[in-house]
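One structure is given here, and the rest of the page talks about it.
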Amino acid sequence: MPPQGVHRGLRLSGKNALQNQIDIMLKAYHSDIKPSEITDREIYLKRRQFLQGGAALALGLTLPGCDASEPKPAASPPPTSPKKKLIAAKNEAFSVNETQTSYKDITRYNNFYEFSTDKEGPAKLSKAFVTRPWTIRVDGEVDKPQVFDIEDILKTFPLEERIYRLRCVEAWSMVVPWIGFALADLIKKTGPTSRAKYVAFETLYDPKQMPGQQTGLFGSGLKWPYVEGLRIDEAMHPLTLLSVGLYGEMLPNQNGAPIRLVVPWKYGFKSIKSIVKITLVEKQPPTTWNISAPGEYGFYSNVNPKVPHPRWSQARERRIGEFRKRETLMFNGYADQVASLYTGMDLKKYF
Ligand code: MTE
């Protein structure tokens, strides 16, 4: 059996796990979580012994063979979505007045497991990702199920710039100038029925283009396609954004092109990327991280400094680009706008 590793609660095997562990150790400065906390302690110690045996590995020098374990995308067509400027008026009422994370960090430090479990991997491996033509189907408990073409979406919905905090469950954060429009505006066009209690989202499933979706020994262990969900009142909340761009340009592939969700008061994994389907449903839908580790990632996943992850604290976070950690704010600082959605709910139970 190859050595087993755990990444954010997932079992990984062989070289991919080792590569992940090294990345985590070398990039610990970015994170509030010690490597020993991300990984089960026993596995972490075994891995350390293994690393001590190889000075080159420990120094983070070239790691022959490690890269080869990453599945590679199929022969790539040329990129089809050149960088394009987007015109969008800034929505001051929905923007925080905090230093924005650099474009470089926002587009080079990503979580997009369909491409890679490594933070720099998505930018490298999504270069040829085809995002045109692209449609989103909206169906389920609606009077008018519809297929929206991304070009029509860009023409139909007035775009706004909104500067939001983004807080990852891994205890790092960013401030991102998104461009997009309220999800509610799209949903309203389809006429939700009274039975629409939740909204389910789905990412593209295309293992040929998305190497992380190729199953096998070195896969992430996640079940594909990536799915997410919100309660209908969360989905209709004016803060909930469908984003098509950032920093005045079309969304880079690694950030979820051509269209992704942004729910700023929830941990980043709720903000599903590269959406192809939105379904209004009566029952709470399954969500990817909850399927993979139900004790660690709940359906709600509201940012809450008082509810620790089972393996690390959520009280503080590292803002990417800053050195000192800062306090994590309840609902990521959006309590005034969203706390009323959860009145009377036990947020430790519904984490
Ligand atoms: N959506 C899909 N389809 N696949 C993913 O792996 N990762 C999530 C979320 N959306 C993810 C996803 C996580 S864990 C985070 S923190 C954010 O995307 C990261 O968004 P960013 O890379 O734009 O910062």
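The values are calculated or read from the model by the stated rules, or taken from the named source; none is laboratory data. Note that the structure is a prediction, hence the values are computed from the model and not measured. We place every Cβ from the backbone using ideal geometry, glycine too, and count neighbours over all the protein chains shown. Accessible surface is based on the protein model in full, side chains and every heavy atom, while ligands, DNA and RNA are left aside. Shrake-Rupley method; radii C 1.70, N 1.55, O 1.52, S 1.80 Å.
Within 14 Å of the ligand (Cβ to nearest atom), at pLDDT 95 or above and either out of contact with any Asp or Glu (no Cβ under 6 Å at 6 or more places or on another chain) or open to solvent by 10 Å² or more (accessible area, probe 1.4 Å) (or both), is that true of Q337? When the stated conditions are applied, Q337 does not pass them.
Within region 315-332, identify whether any single residue is open to solvent by less than 30 Å² (accessible area, probe 1.4 Å) and under 13 Å from the mean Cα position of the chain (by Cα), and answer yes or no. No - not one qualifying residue is present in region 315-332.
Select from region 96-110 the residues that are among the β-branched types (V, I, T) and within 13 Å of the ligand (Cβ to nearest atom) and write down the one among them that is surrounded by the fewest Cβ atoms within 10 Å (Cβ to Cβ).
Among those that are among the β-branched types (V, I, T) and within 13 Å of the ligand (Cβ to nearest atom), it is T107.
Among the criteria (1) under 20 Å from L166 (Cα atoms); (2) outside any strand (DSSP E or B), the one G229 does not fulfil is (2). The condition (being within 16 Å of the ligand (Cβ to nearest atom), open to solvent by 10 Å² or more (accessible area, probe 1.4 Å) and without any contact (Cβ under 8 Å) to a residue 24 or more places away in the chain) is satisfied by just one residue among N290, N253: N290.
Name the residues in region 98-127 that are closer than 21 Å to G216 by Cβ and of a type in the set (A, V, I, L, M), would you? Hit for region 98-127 is L125, nothing else. The requirement of being among the hydrophobic types (A, V, I, L, M, F, W, C), more than 9 Å from the ligand (Cβ to nearest atom) and part of a loop (DSSP other than H, G, I, E, B) is fulfilled somewhere in region 262-270, by at least one residue.
Within region 301-312, the set of residues being touching a residue at least 60 places away in the same chain (Cβ under 8 Å) and either assigned to a loop (DSSP other than H, G, I, E, B) or open to solvent by 20 Å² or more (accessible area, probe 1.4 Å) (or both) comprises S301, V303, R311.
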